[in-house]
Amino acid sequence: MVKRLLVPFFILLFFTLRSSAQNPSKIIGFVKGTGGGAVSSVTVMLYRSKDSALVKTKISDTKGRYEINVTQKGSYYITASCSGYISVSSASFTITKYGDTVIAPVILLESFTNEMQGITVTGNYTKPLIEVTAGKTVLNVENSINATGSNAFELLQKSPGVTTDKDGNFTIKGKNGVRIYIDGRPTQMSSDDLPAYLRSINSADIQSIEIISNPSAQYDASGNAGIINIKLKKNTKNGINGSVSLGLNYGIAFKTPESFNFNYRNKKINFFTNYSFYWGNLQENLFLYREQSDSIFNQVNQRNIQTRIHNIKSGLDYFISPKSTIGVIATINLDKNTDAAKGYTLIGPIGGNPIDSLYAQNIMPGNIINTDYNINYRYADTTGHELTFDADYGLYENNKMSYQPNSYYDIIPDTFLYGNIYNNITSVHINIYTAKLDYTTPFKKGKLEFGGKTSFVTTDNIYNVYNVINYMPQFDSTQSNYFKYQENVNALYVNYNKSFNKKWIAQGGLRVENTYSNGQLTRFISSPMPEDSVKHSYTDLFPSASITYILNNDNTFNLSANRRIDRPNYKYLNPFETRIDELTYEKGNAFLLPQYTNSIELTHTFKNKFNTTLSFSHVQDFSAQVIDTIGKSASYLTPENLISQNIVNLNFSLPFKITKWWDIYTNINAYHSTYKGNVDAGMIDIHVTSYSLYMVQTFSFLSNYTAEITGYYDGPSVWQGTLQSDPMGGMDIGIQRKLLHNKADVKLGCEDLFNTMHWRGTSNYNGANIIASGNWESHLLKLNFTYHFGNSQIKQSQHHTASEEENKRTGTSGGLGGN
């Protein structure tokens, strides 16, 4: 399987390593305001006219001037965008021979203070599938054929530099502690619930996925490995606009991802609403072989999840004036599901035949409600002053019931020995209150940003266990508990960015965060433990800095460093036991500490598109999932703080234009990771060298057809600090056809074409030798039809919520409104 997956990567990479030997042509242009004055710090993007492919990006200097070198003849046009101005495109111009100097048409930017009746955009602008800059990778999902019929979780599994373990935890370039954002807002869910929520987000509603390895001080300091920001689609057109998407997926069973988007905008208001629905079954398999003491436990589990998910997002923006906007947004996620699992475990002596067996079933109907309500205000003038305020209230509820019979049998003869039945009722209730204020102003020929944020989270976790005896549930006070966790984080930050000359650009920031947390465990027995009440109060400084040196038109260097924190999830702080079956359970750790990461990253950019990044990270008090044992037969999983984790990472980002109809993007990532720790269960000293390969090929043929091939491969690695995994990889294919004058498209794709996405890992720690493997319903056939309705007049969004401003700081533009 390894050879079958690796050979296509290296064959294609060999053919793509070509470059032009022609002397570059030079494009010189100027950006001015309506009054004729120069406009600096404008993002200038050069596109080819024939296919609207992005060629290069530049920033105008203090004289409004920019200069771009190109190596190909042909017709081009310029698009310019800047905060406080309407984005516009120039007329097309042509480079007729190599080495020419061409003066581009002057760009005239109109500010929001002038009346706008609508701007008709000519030509079809299509962003590249993947955009890479220093510290950030953007996957433009709306341009991906293979994203059809997928959800956010599946897309993240296959994003460049991102990997997931068997439990759905994400890593970036070998580092765990990834923080997931939705439209600039951090999610507040446990590691168990987050994958389910991400699976509820239809790819038809996603505009892009931003992978940010070195966030600046404006972001929350949480997230050791960085931030993944999922940006939902937005619409900036006047009048009534929208789309309808219908999908059908088939693996083991049918699945139906559907979505509807509607937007209405005029001079005073912007109303938008999104609705998506997912119906289907998902099957997973787990194989667990465990040697403990003198016995072998060989377990086979199958899990089937039936789910019905509704996602609704609506909002209204009111344009008070050309400079001021106020808005409200409501987001509602409803997930009704039934999780049915069955497992069969053979038990016997090491070196002998099985003697006993355990048959366990678990039926868990559940109901999840996840809502967020936001009010926002934004003020921005044409001189670079900007004020944003954002207030949110979020509610998360997860109610589940579990009915789990455990039956033991004698293998020879096949006779029933005894059994235990457990009935669990769990309820998770989370209230989230946040408020955020940001201000941006020009300062000493640079940009100064400062602001603050406060958040308050309360979590109520009820876990009631009943032993079913003679078909009657009896409350088990020794296994039941009530856990309440409160956390308050207050933060202030300042950040400054300045271009000193044409060669040097510097950015520095400092964020200070004060954290207070209080975990209270109430047992239904009269024997309190020291871990029942744990309080923490600490204040931390999180500096960040970067410096960019532009050696010449072809070579740019960026050096960045930051410090971040990853606070324990409330689930991991609950010290009580959650049984999976008679022999396997999980246990929290009330004394789990936050982990801190110090990172430094050096990036070289060649010809504005080839990126090489070398980074080093040191993680203090690394949090790992450690396997421990109880007696001769039981084992449990619990989080522990190790001493440290060190990671050295080397990453290559290689986009190539093979022909006018064939594009390839390749990402090669390699890292060496060291885990060391001395915990109660014993010593941990693990060294691993791993790598990952990611390649996307896009083809354009005939007049309305495009095709896409995506390949991904992860080498051997370590999951959660102790489980050493085997390589894993797969390949997706898809084809798209435009219909009805480009208002509709049909996409057909196959996910995990060769059905190779199977995982396997081993662990030999503290008396338990474990071999675990599994797979899920990754081999899917997907069909999707999308129809877009509305006019073609585009009007720049005039509002950004505070979370949108966070999106903008990552280098993207546009507001949250107009979805």
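The values are calculated or read from the model by the stated rules, or taken from the named source; none is laboratory data. It should be emphasised that the depicted structure is a prediction, and the values quoted were computed from it without experimental measurement. Cβ sites come from the backbone with ideal geometry, for glycine too, and all protein chains shown count toward neighbours.
Checked against (1) surrounded by 22 or more Cβ atoms within 10 Å (Cβ to Cβ); (2) more than 25 Å from Ser295 (Cα to Cα), Val626 meets all criteria but (2).
Among the numbered conditions (1) over 30 Å from His788 (Cα atoms); (2) in contact (Cβ under 8 Å) with a residue 60 or more places away in the chain; (3) β-branched (Val, Ile, Thr), the only one that Thr698 does not meet is (1).
In the stretch 754-784, of all residues being of a type in the set (Phe, Trp, Tyr) and within 14 Å of Leu286 (Cβ to Cβ), the one that is modelled with the highest pLDDT corresponds to Trp759. Regarding Ser41, is this residue touching a strand residue (DSSP E or B) at 6+ places or on another chain (Cβ under 9 Å), modelled with pLDDT of 75 or more and more than 30 Å from Gln697 (Cα to Cα)? Against the criterion (touching a strand residue (DSSP E or B) at 6+ places or on another chain (Cβ under 9 Å), modelled with pLDDT of 75 or more and more than 30 Å from Gln697 (Cα to Cα)), Ser41 qualifies. Counting residues in the stretch 661-668 that are farther than 30 Å from Asn589 by Cα, in contact (Cβ under 8 Å) with a residue 60 or more places away in the chain and of a type in the set (A, V, I, L, M, F, W, C) gives one or more. Before we move on, is Lys571 assigned by TED's automatic domain parsing to the domain that holds Ile432, touching a residue at least 12 places away in the same chain (Cβ under 8 Å), part of a strand (DSSP E or B) and basic (Lys, Arg)? In short, no. Report yes if some residue within the stretch 603-610 is more than 25 Å from Leu492 (Cα to Cα), assigned to a loop (DSSP other than H, G, I, E, B) and within 22 Å of the chain's Cα centre (by Cα); otherwise report no. Checking the stretch 603-610: not a single residue is more than 25 Å from Leu492 (Cα to Cα), assigned to a loop (DSSP other than H, G, I, E, B) and within 22 Å of the chain's Cα centre (by Cα). For the stretch 597-630, filtering for residues that are more than 30 Å from Val44 (Cβ to Cβ) and either outside the structural domain of Lys657 (by TED's automatic domain parsing) or free of Cβ contacts under 8 Å to residues at least 40 places away in the same chain (or both) leaves 6. Please enumerate the residues belonging to the stretch 221-280 that are more than 30 Å from Thr307 (Cα to Cα) and of a type in the set (A, V, I, L, M). Of everything in the stretch 221-280, those that are more than 30 Å from Thr307 (Cα to Cα) and of a type in the set (A, V, I, L, M) turn out to be Ala221, Ala225, Ile240, Ile269. Only one of the numbered conditions (1) crowded, with 23+ Cβ neighbours inside 10 Å; (2) small (Gly, Ala, Ser); (3) under 30 Å from Ile547 (Cβ atoms) is violated by Ser208, and that is (1). Among the residues of the stretch 215-259, the ones that are modelled with pLDDT of 85 or more, of a type in the set (Gly, Ala, Ser) and in a strand (DSSP E or B) come to 5 in all. Against the test of being part of a strand (DSSP E or B), modelled with pLDDT of 90 or more and surrounded by fewer than 16 Cβ atoms within 10 Å (Cβ to Cβ), the options Ile421, Ile432, Ile375 yield a single qualifying residue, Ile375.
Residues are listed down the side, and each one gets a yes or a no for (1) among the aromatic types (Phe, Trp, Tyr); (2) surrounded by 15 or more Cβ atoms within 10 Å (Cβ to Cβ); (3) on the phi > 0 side of the Ramachandran plot:
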residue	(1), (2), (3)
Lys676	no, yes, no
Met683	no, no, no
Tyr694	yes, yes, no
Phe699	yes, yes, no
Thr706	no, yes, no
Gln736	no, yes, no
His741	no, no, yes
Ala744	no, yes, no
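From the list Leu510, Leu541, pick out the single residue that is loosely packed, with under 15 Cβ neighbours inside 10 Å and in contact (Cβ under 8 Å) with a residue 12 or more places away in the chain.
Testing whether each residue is loosely packed, with under 15 Cβ neighbours inside 10 Å and in contact (Cβ under 8 Å) with a residue 12 or more places away in the chain leaves just Leu541.
Being under 30 Å from Ile462 (Cβ atoms) and surrounded by 15 or more Cβ atoms within 10 Å (Cβ to Cβ) is a description that does not apply to Asn367. Checking each residue in the stretch 640-654 for being within 12 Å of Phe610 (Cα to Cα) and at pLDDT below 85 picks out no residue at all.
Where strands (runs of 3 or more DSSP E) fall entirely within the stretch 444-561, those with at least 2 residues that are under 27 Å from the mean Cα position of the chain (by Cα) and of a type in the set (A, V, I, L, M) are at 481-499, 504-523, 533-550.
Annotation: Tyr787 fulfils all but one of (1) farther than 30 Å from Ser89 by Cα; (2) assigned to a strand (DSSP E or B); (3) in contact with an Asp or Glu (Cβ under 9 Å, 6 or more places away or on another chain); (4) at pLDDT 90 or above; the unmet one is (1).
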